[in-house]
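A quick write-up on the structure given underneath.
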Amino acid sequence: MTTTALQAEKTTGAKLIDGKAVALKMRATQRARVEALQAKGITPGLAVVLVGDDPASAIYVSRKVKACEAVGIKSVSYRHPTTITNEELLVLIGKLNADPNIHGILVQLPLPAHIDMAKVLETIAPEKDVDGFHLYNVGALVVGRQIFPPCTPYGVMHLLEYSDIPVEGRNVVVVGASNIVGKPMALMLMARDATVAICHAKTRDLGQWTILADILVVAAGVPNLIVPQMVKTDAVVIDVGINRLPDGRIVGDVDFEGVRKKASYITPVPGGVGPMTIAMLLENTIQSAERQASGEPA
């Protein structure tokens with residue numbers, strides 16, 4: 001970027017990476033791919049399993065179902081009370097694994113405490129694990145051979161590509177080391193030849209790490225964890241956090257108003273990474289159906 005362009009950027013603030021707009025553009029292509037599959041007699045099918053009555057989980061499932069409808073994916077919801085046993089849930093997943101009309105299985109997390117989450121996720125067939133949480137898919141990230149990438153980091157990578165933000169050779173700091181976002185995010189970035197550091201809740205002097213980042217990905221679940229003095233000038237800031245404040249507002253992990261004056265690119269919350277997580281869930285489900293249509297092994 002030229003000096004003149006940088007000066008203009010600083011005058012107007014960081015460029016917003018609009019995940020909602022990118023996801024909507026993807027849906028047009030996804031709809032066309034679904035129609036092509038339907039012409040071959042295959043309608044992509046997604047099974048969504050929801051246990052309990054957690055309000056946030058119910059909202060997330062509703063959004064995923066509506067997104068499926070928008071592109072022509074057939075979604076089938078399996079809602080069960082918290083009284084369902086571990087064995088009953090595993091039997092259900094076994095039936096969905098065997099159903100040729102189901103191309104993706106999503107178990108909405110979190111699960112009740114008495115359910116063995118690890119066992120449930122391991123029971124999902126890797127070729128239907130469209131959330132990318134199966135041990136095979138997570139472990140295969142290390143060698144770049146996963147069937148499905150985890151949706152949230154996959155969405156982040158897509159946003160970077162869409163925005164023409166180079167990753168190769170860049171210093172990237174990931175704040176948050178969860179199995180769902182932080183760790184797979186780091187592996188996916190390393191696969192693109194980025195130099196990656198992972199920070200977490202016990203990292204001392206966090207700002208000394210984040211200030212080095214050309215690209216900063218924050219997924220810690222702490223409101224306003226990242227403030228302007230922790231961010232390098234012209235850094236790309238990807239805020240994965242979703243936090244509800246006491247006044248009802250939804251915010252990320254980044255002080256958005258402060259950091260946007262210093263960064264070159266930034267994702268808003270809401271409307272940044274969140275819509276891309278659902279978009280990549282649809283992408284994985286369609287890819288699963290396309291593999292079936294072509295006879296390609298998983």
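Among (1) in a helix (DSSP H, G or I); (2) closer than 30 Å to A118 by Cβ, there is one condition G258 misses while meeting the rest; what is its number?
(2)
Looking only at the stretch 265-274, which residues are surrounded by 23 or more Cβ atoms within 10 Å (Cβ to Cβ) and among the hydroxyl-bearing types (S, T, Y)?
Answer for the stretch 265-274, where residues must be surrounded by 23 or more Cβ atoms within 10 Å (Cβ to Cβ) and among the hydroxyl-bearing types (S, T, Y): just T267.
A quick yes/no check of all residues on (1) of a type outside the set (A, V, I, L, M, F, W, C); (2) assigned by TED's automatic domain parsing to the domain that holds M185; (3) without any contact (Cβ under 8 Å) to a residue 12 or more places away in the chain:
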site: M117; (1), (2), (3): no, no, yes
site: V130; (1), (2), (3): no, no, no
site: R145; (1), (2), (3): yes, no, yes
site: G155; (1), (2), (3): yes, yes, no
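For the stretch 35-77, enumerate the residues that are over 22 Å from the mean Cα position of the chain (by Cα) and touching a residue at least 12 places away in the same chain (Cβ under 8 Å).
E35, L37, Q38, K40, I42, T43, G52, D53
I'd like the full set of residues that are farther than 30 Å from K95 by Cβ and under 11 Å from the mean Cα position of the chain (by Cα), limited to the stretch 128-158.
Across the stretch 128-158, the qualifying residues are V156, M157, H158.
Answer yes if at least one residue in the stretch 219-227 is outside any loop (DSSP other than H, G, I, E, B) and surrounded by fewer than 24 Cβ atoms within 10 Å (Cβ to Cβ), and no otherwise.
Looking for residues that are outside any loop (DSSP other than H, G, I, E, B) and surrounded by fewer than 24 Cβ atoms within 10 Å (Cβ to Cβ), one finds none in the stretch 219-227, hence no.
Out of all the residues in the stretch 11-26, is one or more surrounded by 12 or more Cβ atoms within 10 Å (Cβ to Cβ), modelled with pLDDT of 95 or more and closer than 26 Å to A125 by Cβ?
Yes, there is a match, as at least one residue in the stretch 11-26 is surrounded by 12 or more Cβ atoms within 10 Å (Cβ to Cβ), modelled with pLDDT of 95 or more and closer than 26 Å to A125 by Cβ.
Which residues, counting only those in the stretch 192-212, are in contact with a Gly (Cβ under 9 Å, 6 or more places away or on another chain) and buried (at least 17 other Cβ atoms within 10 Å of the Cβ)?
Hits for the stretch 192-212 are A194, I198, C199.
Can you find a residue in the stretch 263-275 that is outside any strand (DSSP E or B), farther than 28 Å from K64 by Cβ and among the aliphatic types (A, V, I, L, M)?
Yes, some residue in the stretch 263-275 is outside any strand (DSSP E or B), farther than 28 Å from K64 by Cβ and among the aliphatic types (A, V, I, L, M).
Out of the stretch 41-68, which residues are closer than 15 Å to H103 by Cα, surrounded by fewer than 17 Cβ atoms within 10 Å (Cβ to Cβ) and not hydrophobic (A, V, I, L, M, F, W, C)?
If the condition is that a residue be closer than 15 Å to H103 by Cα, surrounded by fewer than 17 Cβ atoms within 10 Å (Cβ to Cβ) and not hydrophobic (A, V, I, L, M, F, W, C), then G41, T43 are the ones that fit.
The values are calculated or read from the model by the stated rules, or taken from the named source; none is laboratory data. What you see is a predicted model; the values in this text were computed from it and never measured. Please note: Cβ atoms are built from the backbone with ideal geometry, for glycine as well, and neighbour counts cover all protein chains shown.
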